[in-house]
Amino acid sequence: MPAPPDTPDLLLAGGDVLLHDGEWRVERVDVMVREGRIATVGKGERPSTRLQVRDCSGCLVMPGLIQAHVHLCQTLFRGLADDLRLEDWLVRRIWPLEAAHTQETVYWSAMLGAAELLLGGTTAILDMETVRHTGAAFQALERIGIRAAVGKCLMDAHPEGAPLELAESTENALAEAEALAQLWHNRAGGRLQVCFAPRFVPSCSGPLLRAASELAERFNAQLHTHAAETIVERETVLRTTGLEEIAYLDSVGISGPRAALAHCVWVDAHETARLARQGTTVVHCPSSNLKLASGVAKIPELLAAGCRVAIGADAAPCNNRLDVFAEMRLAALIQKPRLGADALPAGRVLELATLGGARALGLEAEIGSIASGKRADLVVLDLREPHLHPAIGDPVSLVVYAACASDVRDVFVDGKPVVLGHELLTASMEEIVREADRCAAELFRIAQPA
Ligand SMILES: [Zn+2]
């Protein structure tokens, strides 16, 4: 759906523009935005009488960054679940806190997370919510202006230690997921989509996983789950299903270009080859994998095998930032001690956070690079700060190794300004922080940590 016809054209003028055609390159050109899409990338075009010009001199204009694994419902749990391994983190903190969520707390959790993401240059996400109140997250994201594919968390098996409030029958879980899809899929001009999001194999029955795959097919939507995050998970899946996790997920239809599997830390060469054959996306979450002591995903090997790879911060209580610049830098650095300094170069990492993320969302024709006809999801990075100088080297190196979220000056989603001059335009930061703090205190009171 195009933007209303009275929206003036937008010209991002005078910046260095980061383009991708096989390799990254920078050109000093103007980017013209018309009706939510990139109209032209070039020099000197001023065809419209109704034109808003945004001066981008001294800035890098880059594609909006994409995080293909986040949980906005957990943003309120930041700092409430530190220094625990995954299984304890879930049972002692995250599940009790998720069970305490209300419509209101899910709403402000999503607002806080999305504000942090947008201010830090992330324009699109694949988001797994909790079991209940996913409609409230959609309402928040409709208001704040980020692009998102959002899934209600599906769990019909009841893993040890999970609170009863999160238990749902297979039928109820699927019925609510379908109702959400009918209400929210392709809303806000296509900016909002659903995904179908089984939590992970240990909390899902085979029929639930199979039905989620069929719903994704029916609604032309993505599948989003966790896989092979820890050794415990790997062994649990092998014991309960008799199959290795990637083979089991394939057997129930969670595979292929629709599927994004977060983590895949514990996959062997055989499973890596299978993921590559399927065209399944692996979402790398390096901070989360380190903080929960899960391990280091073998991303260079996955890429060498031909796997699709994206990147994500995961969630506030296992990171504790939602900063894509921090994830990119860490993704590049953590492979080097094992495989050498050139193991995962900056340009490759930036592809994970742009084109790789676009593929994970099923939107590779629409977002992920600056090109005529694509949706105008754009980030303007202010290059004035000392840590970005001298600026004579490779701009991709600057973005991946030196830049941080606070360097983001402007953010556009579908050509609409969402952040200008480091300020969020679509909601009051003061209100978000006040309401988020109040809601987090309420949840903490109900779900006292064990
Ligand atoms: Zn996760």
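Coordinate-derived values only; no laboratory data. Computed from a prediction, not measured in an experiment: that's the story for all the values here. Cβ atoms come from the backbone with ideal geometry, glycine included; neighbour counts cover every protein chain shown.
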Handout entry: Relative contact order of region 159-232, defined on C-alpha pairs under 8 angstrom at six or more residues apart (%)
Key = 29 percent
Exercise for the section: Mind pulling the angle between the C-alpha long axis of helix 269-278 and the longest principal axis of the chain? Nearest 10 degrees, somewhere in 0 to 90. Expected result: 60 degrees
Exercise for the section: Report, by chain and number, residues whose modeled amide H sits under 5 Å from the one on A259, excluding near sequence neighbours (fewer than 5 apart, same chain). Expected result: L223, T281
Handout entry: Free-standing Cys residues across the chain, given no other cysteine C-beta under 4.7 angstrom
Key = C73, C153, C195, C204, C264, C285, C307, C318, C404, C439
Fill in the blank from the handout: Nearest 10, in degrees from 0 to 90: the angle of helix 206-219 to the longest Cα principal axis of the chain is 30 degrees
Handout entry: Contact order relative to length of the chain, as percent, for alpha carbon pairs under 8 angstrom and 6 or more apart
Key = 21 percent
Fill in the blank from the handout: Taking the chain, the equivalent ellipsoid from its C-alpha gyration tensor has semi-axes in Å, biggest first, of 34, 24, 21
Exercise for the section: May I ask for the distance between the Cα centers of region 375-445 and region 177-207, given as a whole number of Å? Expected result: 27 Å
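For region 293-346, what relative contact order do you get, as a whole percent, if you take Cα pairs closer than 8 Å and at least 6 residues apart?
That works out to 27 percent.
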Exercise for the section: Return the single residue from E160, E214, E104 with maximal mean-square fluctuation; model: Gaussian network over the chain, springs between Cα atoms under 10 Å. Expected result: E160
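For D394, D314, which order do you get if you count the other beta carbons within 10 Å of each Cβ and list the fewest first?
Listing D394, D314 from fewest to most nearby Cβ atoms yields D394, D314.
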Exercise for the section: Return the long-range amide H neighbours of I311 (sequence gap of 5 or more, or a different chain), with a cut-off of under 5 Å between placed amide H atoms. Expected result: A68, H284, G357
Problem - Residue exposure sequence - E423, E168, E35 - by fewest surrounding Cβ within 10 Å - result: E423, E35, E168
Handout entry: Per-peptide average of other Cβ atoms within 10 Å, ordering 7-19, 171-183 highest first
Key = 7-19, 171-183
Handout entry: 0 to 90° range, to nearest 10: angle between helix 134-144 axis and the chain longest Cα axis
Key = 10 degrees
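Under the rule of -39500 (n - 2.57) per DSSP H run of 4 or more residues, summed and divided by the residues of the chain, what mean residue ellipticity at 222 nm is obtained, to the nearest 500 deg cm²/dmol?
-9500 deg cm²/dmol
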Exercise for the section: Using the structure shown, list the pairs from K291/K336; K291/K416; K374/K416; K336/K374 with a Cα-Cα distance above 24 Å, or answer none. Expected result: K291/K416; K336/K374
